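Just so you know, all these numbers are worked out from the coordinates, no wet-lab data involved. The shown structure was predicted, so the numbers you read here are calculated from the model rather than taken from an experiment. Please note: Cβ atoms are built from the backbone with ideal geometry, for glycine as well, and neighbour counts cover all protein chains shown.
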Amino acid sequence: MVDSYVWHRRLHEWMDYLSLGSVSPTALAAGVAGVAVVGTALIYLSRSAQPFRLNYDRECVSKEVTTGDADGIPARISKFCNPGDELHSVAYDECRTLHDCFHRGARVSNNGQCLGWRPSPGAPYKWMTFSEVDAAARDFGAGMMTLGLQHLHGAGDPDAAVLPQQELIGIYSQNNKEWMIAAEGAWSYSMCIVPLYDTLGPNACTLIVNQALIIVVLCDTVDKIRALLDRAKETPTLRHIVLTIPVNAQLMADVAAQAASLHIKIHTFEEILTLGAENPRPIQPPTSDDLAVVCYTSGTTGNPKGALMSHGNYTATLAGLERHMQLLNISPSDVIFSYLPLAHTFEQVATSVMLGFGASIGFFQGDMKLLMDDMETLKPTIFPTVPRLLNRLYDNVTAKARASSIKSRLFDLALRKKMEEVDRGVFRKTSIWDKLVFKKVHATMGGRVRAIFCGSAPLDPSIMQFVRSATGAIVLEGYGQTECGAVTNCQLPGETVPGQVGPPLPCSMVKLVDVPEMEIFARDGKGEVCIKGNNVFKGYLKDEVNTAQTLKDGWLHTGDIGIWAPNGALQIVDRKKHIFKLAQGEYIAPEKIEAIFSQSSFVAQVFLHGESYKSCLIAFAVPHQPEIENWANQHGLDGLSYEALLEDSRVKKAVMEDVNKLGKAAGLKSFELIKEVKLYAEPWTVENGLLTPTFKTKRPQMVLKFQADIQNMYSRLW
């Protein structure tokens, strides 16, 4: 039996939210009947609303241990560490290398589907099995060996002696099956890959090819080949380029002729596979100490640095994730959607974890405009992503919900009810609210996503709550960096507190150390995040100075400022390197303030600026266009174009007042609030050079771009 009070309350909620108000008896009767139907469905669907079963205590997700270090600062580790607090290092109890992980996946999946792609727009996904990928990888690796890469270390570079004694293969490509086949092929013969990516720019690509003495680079477009050829005279070690996609014979001949004039040979991917098949070699599996990837950081400031990542570094991270994510029960039936750059450790780890479980990888077509179409077609179950995409999802859904008052009220009710379920630990797609409001959200992502991993930048807590509620998926935010195998902390499945990045993985030990210049001390539960474990990298290629600054006494110093939440989860609150001092001597942590200002409904992107000779802060923002236009319509400015609105002093004042109001509510001091704001229509993107490939703000480039506006704004303030 249903409690009559519950029925009464639900009826009033629906009458209120659907604005039944004063209606005729007939209409009211129809409305009551409709509410009764919906109420019955609600009760029926609520019967299965069981909380997610946990294997940990939400109130205590990590434990404190002593380190024996001279500073006496304790660290925290996972409660899932091995007996004796031993950190994990071997994935799946058998995998010491990424090569091992792939072959475990082939076994546990019984040679299931491995790599999937769409041959053309609109086409269904086509698949290669594990054995087909393995055969192609062996042929590729043997083909590379047949090219004669062994003369790498005789290239005449005086620094060659500090290179690892492994062949290094460059991969300059978006995510695709050839990328993975090349990587698996390299690892089958103990070679190492060096990913490059578009947004590095020609200077950085040249630096990497020269620093790593790269002889061969794989490219997925003719344009990338030409970019390499344009600088071939500056990269004397480069001798082979492999084109991974088919092109017409004339274009191939033209490129090959240009390359030949520079003493470089152009090959197709199929030619390399054929070369390997005709010259088979026994595989030479790597050891855990061998390098798997020289992974170049995106270079927020200065030149990118080549992090030396061993197979053991990666398998330690995989071992930690395997135990940490045990409740997700990942299996060969799972499918991961791969669109984040494989040039970065986040996606490398995500795909390797899935392959180790025998799951499959479906690649996007390479066009971000077709991303949702790819997801709808692939129907993935696991989705690694970044805040930028989830922010866009939130903006699109809420904009449609605000199209009418009825839709808006129903959306708000549905979101509130779903959030209540999430707070109780219920994650599902089957509630009445999913059927009425969030069904299209599920469909857009393929309808089967059950776990979303978010990293690379902080996710706004309100958007985290929205995504958890609207998708019905387990949404986990993590923290890490290239130098520690992408992930060192992550929320546990079933955690519901937003704004935290969870406890350490069982492969990592984390402590917070003093930052005296910021008046931050570990005794207060706050400090620079430092990491120790087998996932921590070996150092930077040919860069002893940065290696020494980053690795100290066996600890990786991240440059990020964190605090321990009462439950033992980590919260990242600032970036050590991005502080600056105002004229009055006050230190400013811009990323902390930007995170608060980003919660404004007006703000899509924000950049905070201050100078040591100025006593106040200014900001630059890219607004949410629908929110600006809605505000303008409500205040009699609907006759102005969007560009005109961004220059209107009344609009600027509204935005500034809103972000400062949020700042005051969050406890910011008066000098941490802004005195002026400049609004821009064009978003800051990777393509226009203002974001790194992992979507972090390039602060020096932002200052350079806005230098004239900075001077004008400060001149008006003083």
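Quick notes
- Packing here is the average count of other Cβ atoms within 10 Å per residue, and on that basis the peptides 103-111, 531-539, highest first, run 531-539, 103-111.
- Label-point gap, in nm, between Gln634 and Gln326 - each point 7 angstrom along Cα→Cβ: 5.0
- When the Cα gyration tensor is reduced to axis lengths a ≥ b ≥ c, the ratio a/c is 1.5 or higher for the range 528-580, and with a/b not above b/c it is classed as oblate.
- Karplus (6.51, -1.76, 1.60) ³J(HN,Hα), θ = phi - 60°, over the range 68-73, in Hz, Gly and Pro reported as x: x, 6, 4, 6, x, 7
- Gyration tensor (alpha-carbon) shape descriptor, the range 180-271, a/c threshold 1.5: oblate
- Count Lys and Arg as plus one, Asp and Glu as minus one, and take only other residues whose Cβ is under 14 Å from that of Gly568; the net charge is then +1.
- Neighbour net charge for Tyr92 - beta-carbon separation under 12 angstrom, K R +1, D E -1: 0
- Secondary-structure-derived ellipticity at 222 nm for the chain, considering helices only, amounts to -11500 deg cm²/dmol, per-run term -39500 (n - 2.57) for DSSP H runs with n ≥ 4.
- Computed over the Cα atoms of the range 327-445, pair by distinct pair, the Kirkwood hydrodynamic radius stands at 16.1 angstrom.
- Highest to lowest packing among 313-325, 465-477, scored as the average C-beta count within 10 Å: 313-325, 465-477
- Across the range 459-470, rounded Karplus estimates of 3J(HN,Hα) from the backbone phi angles (6.51 cos²θ - 1.76 cosθ + 1.60, θ = phi - 60°) give 9, 3, x, 5, 6, 4, 5, 4, 5, 4, 6, 6 Hz, Gly and Pro being marked x.
- Amide hydrogen proximity for Val622: with H placed 1.01 Å from N in the peptide plane, the residues at 5 or more positions away or on another chain lying under 5 Å are Ala604, Gln605, Val606, Tyr680.
- Each Cα pair under 8 Å and six or more residues apart adds its sequence gap; the mean of these over the residue count of the chain is a relative contact order of 14 percent.
- Dipole magnitude of the chain about its Cα centre (Cβ charges: Lys, Arg +1; Asp, Glu -1), debye to nearest 20: 1660
- Rounded to the nearest 10 degrees, the inclination of helix 249-260 to the longest alpha-carbon principal axis of the chain is 60 degrees.
- Contact order relative to length of the range 579-717, as percent, for alpha carbon pairs under 8 angstrom and 6 or more apart: 23
- Placed amide H near Cys114: partners under 5 Å, 5+ positions off or other chain: Met128, Thr129, Phe130
- The range 98-352: projected area of the alpha-carbon convex hull, averaged over directions, in nm²: 14.5
- Whole-Hz couplings from phi, Karplus 6.51/-1.76/1.60, listed for the range 442-451; x for Gly and Pro: 4, 5, 4, 9, x, x, 10, 4, 10, 8
- Listed residue (Pro341, Val133, Ser62) projecting farthest to the positive dipole end of the chain, Cβ model: Ser62
- Length gained on full extension, Ile406 to Glu647, computed as 0.36 nm times the residue gap minus the Cα-Cα distance: 83.5 nm.
- Dipole of the chain, positive end: most advanced residue of Trp555, Met445, Cys219 [Cβ charges, Cα centre]: Met445
- The range 98-352: relative contact order in percent, alpha carbon pairs under 8 Å with at least 6 residues between: 21
- Counting only DSSP beta bridges whose two residues both lie in the range 98-352, roughly 35 percent are antiparallel.
- Which label in (1) 27.6; (2) 25.6; (3) 31.3 gives the computed Kirkwood radius over Cα pairs in Å: (1)
- For Leu243, the amide hydrogen comes within under 5 Å of the amide hydrogens of Cys219, His267, Thr268, Phe269, counting only partners 5 or more places away or on other chains and with H modelled in the peptide plane.
- Look at the dipole of the chain built from charges on Cβ: of Thr381, Asn111, Phe364, the Cα furthest out on the positive end belongs to Thr381.
- Here the alpha carbons of the range 562-711 define both size measures, Rg and Dmax, at 16.1, 53 Å.
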